[in-house]
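*Asks:* Before I ask anything, let me first share the structure, which is written out below as structure tokens.
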2 protein chains.
Amino acid sequence: MIGDRVLDCCALPHTSAVEDTLRVVFVRAGRSEPVSTSALADALHVSAPTVSIMLKRLTAAGLLRRTDGHLAALTDHGAAHARDVVRRHRLLEAFLAQELGVPWDEVHAEADALEHAVSDRLLDRIDRHLGRPERDPHGDPIPRGTGGLDEDWGVRLDAAPAGSAFDVERVYDRDSAALRYLADLGIHPGVRIDVTGRQPFGGPLWVRIGTIEHALGDPLTHLVHGRVVA
Amino acid sequence: MIGDRVLDCCALPHTSAVEDTLRVVFVRAGRSEPVSTSALADALHVSAPTVSIMLKRLTAAGLLRRTDGHLAALTDHGAAHARDVVRRHRLLEAFLAQELGVPWDEVHAEADALEHAVSDRLLDRIDRHLGRPERDPHGDPIPRGTGGLDEDWGVRLDAAPAGSAFDVERVYDRDSAALRYLADLGIHPGVRIDVTGRQPFGGPLWVRIGTIEHALGDPLTHLVHGRVVA
DNA sequence: GCCGATCATTAGTCTCCTCTAACTACCGGT
DNA sequence: ACCGGTAGTTAGAGGAGACTAATGATCGGC
């Protein structure tokens, strides 16, 4: 690991396992999703015992608290570390997409591997090179300095009423295949969608992008956040 | 590790320890420098026993041969792997220098950290983005495809006769401080130097860059390779 | 109030990478 | 022939990170 991390203070190695865990806890908490052992194991592609041990280490290092049940929540200290990791991750995503044309659905995985190897100095060069961008390709805010992180998720696409227009602001980036599908449809941050209708009983949402109409199931609409404009 | 390495075939994890060892053995062998346990330990910043164990693993995996004494030499298979690592390293150096303006003496350390995290796909994007460069910022050739690697080192600066001109082609990049010093003097690949004289008994070499004259000791002149032109 | 499902943790093991300390093998000088 | 220094290896240890298998805890349904 090159360069000094701003928060290299606690008795923990800044390995990818530690950093990835912090990042996922941070992001899930920001989305108000439950941060359980099994959910983390799923997101981090490791077994539940591996997560259990890691959470214990993070707790011992004062980065994490166990809340009611067995859920995890970051301490202020832990959140500061995690913010730094998220910043590296999202800035790299922006760089890969804008500078190298890496497709939308690939940037997450590439950034995941690179984020642990980039020095602070290099990251700042990237930041300057991009002109201090505020959002990554999925519309997620890139934390900067000590300012608050805008975690306003707007509304989910499936909450938009039939007949309304919807401005896409953020698209959740966990599932690469779904992301690729949405990209093929032309759904990405900055695009306006016309919500034409909805089938009853959990049926698909009908949307029009440009002149073409598509039916989207819930697993897809749940990924898309933004604002109803009309 | 994202993406498949071309040569992901032997029973070894492609970790940074393994890859770094292969790269250093490859480069030292290319410079006809002895590849001894202690030399590797020094270059890799680990202890001699660590190297000893790693060499044993690489030998068991068929990537390495032990030659007379205890020296190490890559097998064809090992050299192919090492070439791939060197390619990643030098291409990243070129990218960091050209695209992000990372100073000459810093690119090596940054590339060292990144080279293990870059996927083949991303590396190819970088390659295309740079227009398939042939040399890294130190003048070292970037291996490509299966073509032979140009390891022509020309002559060392200290071999240039007094009164001659010398075109710098390559500057060895191990010692960052020395590199920074040479950069400050304006000595880098592509520059022409006038060799004005040499003190006897191993004294410094006098060179003129532009209008300024400098005295360079052997530790510095040994890093600079190129051609005598007049 | 019990039963089964789900979830988290503990227990035990493995590999990789690193270290220090001790030992061995070789080589040159006397 | 011996003695000392240098280089390489072996021995022993430990931390990080991962796994499977087994155990404990919790909660809903009947």
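*Asks:* Of the residues B:Thr75, B:Thr21, B:Thr50, B:Thr67, which single one is polar (S, T, N, Q) and under 30 Å from A:Ile126 (Cα atoms)? Spell out how you get there, then give the answer.
*Replies:* On the way: B:Thr75 fails: under 30 Å from A:Ile126 (Cα atoms); B:Thr50 fails: under 30 Å from A:Ile126 (Cα atoms); B:Thr67 fails: under 30 Å from A:Ile126 (Cα atoms).
Of B:Thr75, B:Thr21, B:Thr50, B:Thr67, the one residue that is polar (S, T, N, Q) and under 30 Å from A:Ile126 (Cα atoms) is B:Thr21.
*Asks:* When residues of region B:39-88 are filtered for being in a helix (DSSP H, G or I) and free of Cβ contacts under 8 Å to residues at least 40 places away in the same chain, how many remain?
*Replies:* Step one: list which residues in region B:39-88 are in a helix (DSSP H, G or I), which gives B:39-44, B:48-60, B:76-88.
From what is left, the residues that are free of Cβ contacts under 8 Å to residues at least 40 places away in the same chain are B:39-42, B:44, B:48-56, B:59-60, B:76, B:88.
Number of matching residues: 18.
*Asks:* State the number of residues belonging to region B:5-59 that are charged (D, E, K, R) and either more than 17 Å from the chain's Cα centre (by Cα) or within 22 Å of B:Val118 (Cα to Cα) (or both). Break it down stepwise before answering.
*Replies:* Here is the first cut: in region B:5-59, the residues charged (D, E, K, R) are B:5, B:8, B:19-20, B:23, B:28, B:31, B:33, B:42, B:56-57.
Then drop every residue that is not either more than 17 Å from the chain's Cα centre (by Cα) or within 22 Å of B:Val118 (Cα to Cα) (or both), which leaves B:5, B:8, B:19-20, B:23, B:56-57.
Going through region B:5-59 one residue at a time, the tally reaches 7.
*Asks:* From the list B:Glu99, B:Glu106, B:Glu110, pick out the single residue that is open to solvent by 30 Å² or more (accessible area, probe 1.4 Å), within 11 Å of chain A (Cβ to nearest Cβ) and under 22 Å from A:Asp112 (Cα atoms). Break it down stepwise before answering.
*Replies:* Values: B:Glu106 fails: under 22 Å from A:Asp112 (Cα atoms); B:Glu110 fails: open to solvent by 30 Å² or more (accessible area, probe 1.4 Å).
Unique residue meeting the criteria: B:Glu99.
*Asks:* Right, here's the next one. Going through region B:113-160 one residue at a time, which ones are within 14 Å of another protein chain (Cβ to nearest Cβ) and more than 24 Å from A:Ala117 (Cβ to Cβ)? So that I can check it myself, show each step before the final result.
*Replies:* Initially, region B:113-160 is screened for residues within 14 Å of another protein chain (Cβ to nearest Cβ), giving B:113-131.
Across region B:113-160, the qualifying residue is only B:Gly131.
*Asks:* Still on this structure, please answer the following. Residue check: is B:Ala72 under 22 Å from B:Leu149 (Cα atoms), open to solvent by less than 60 Å² (accessible area, probe 1.4 Å) and more than 9 Å from DNA strand D (Cβ to nearest atom)?
*Replies:* Details: under 22 Å from B:Leu149 (Cα atoms): yes; open to solvent by less than 60 Å² (accessible area, probe 1.4 Å): yes; more than 9 Å from DNA strand D (Cβ to nearest atom): no.
Taking the combined requirement at face value, the residue does not satisfy it.
*Asks:* Of these, A:Arg83, A:Arg90, which one is surrounded by fewer than 23 Cβ atoms within 10 Å (Cβ to Cβ) and either more than 10 Å from chain B (Cβ to nearest Cβ) or at pLDDT 95 or above (or both)? Lay out the reasoning, then the answer.
*Replies:* Details: A:Arg90 fails: surrounded by fewer than 23 Cβ atoms within 10 Å (Cβ to Cβ).
Result of the check over A:Arg83, A:Arg90: A:Arg83.
*Asks:* Can you name the strands (runs of 3 or more DSSP E) wholly within region B:139-230 that have at least 2 residues being within 17 Å of the chain's Cα centre (by Cα)? It would help to see each step written out before you state the result.
*Replies:* Values: elements: B:165-171, B:192-198, B:205-209, B:212-216, B:224-228.
Ranges flagged: B:165-171, B:224-228.
*Asks:* Quick check on region A:1-32: of everything there that is acidic (Asp, Glu) and modelled with pLDDT under 85, which residue is most open to solvent (accessible area, probe 1.4 Å)? Walk me through it before giving the result.
*Replies:* Going residue by residue through region A:1-32, those that are acidic (Asp, Glu) are A:4, A:8, A:19-20.
So of that shortlist, the ones also modelled with pLDDT under 85 come out as A:4, A:8.
Details: A:Asp4: 126, A:Asp8: 87 Å².
Step by step, filter region A:1-32, then rank; the result is A:Asp4.
*Asks:* Mind checking whether some residue in region B:33-44 is crowded, with 19+ Cβ neighbours inside 10 Å, within 16 Å of DNA strand C (Cβ to nearest atom) and among the β-branched types (Val, Ile, Thr)? Write out each step before concluding.
*Replies:* Within region B:33-44, the subset crowded, with 19+ Cβ neighbours inside 10 Å is B:35, B:40, B:43.
Next, only the ones that are within 16 Å of DNA strand C (Cβ to nearest atom) stay: B:40, B:43.
If we keep only those that are among the β-branched types (Val, Ile, Thr) too, we end up with none.
No: region B:33-44 contains no residue that is crowded, with 19+ Cβ neighbours inside 10 Å, within 16 Å of DNA strand C (Cβ to nearest atom) and among the β-branched types (Val, Ile, Thr).
The values are calculated or read from the model by the stated rules, or taken from the named source; none is laboratory data. This is a predicted model, so every value here is computed, not measured. Don't worry about glycine lacking a Cβ; one is built from the backbone with ideal geometry, like all the others, and counts go over all protein chains shown. When the accessible area is computed, the model is the full protein with side chains, heavy atoms only, and any ligands, DNA or RNA have been set aside. Shrake-Rupley method; radii C 1.70, N 1.55, O 1.52, S 1.80 Å.
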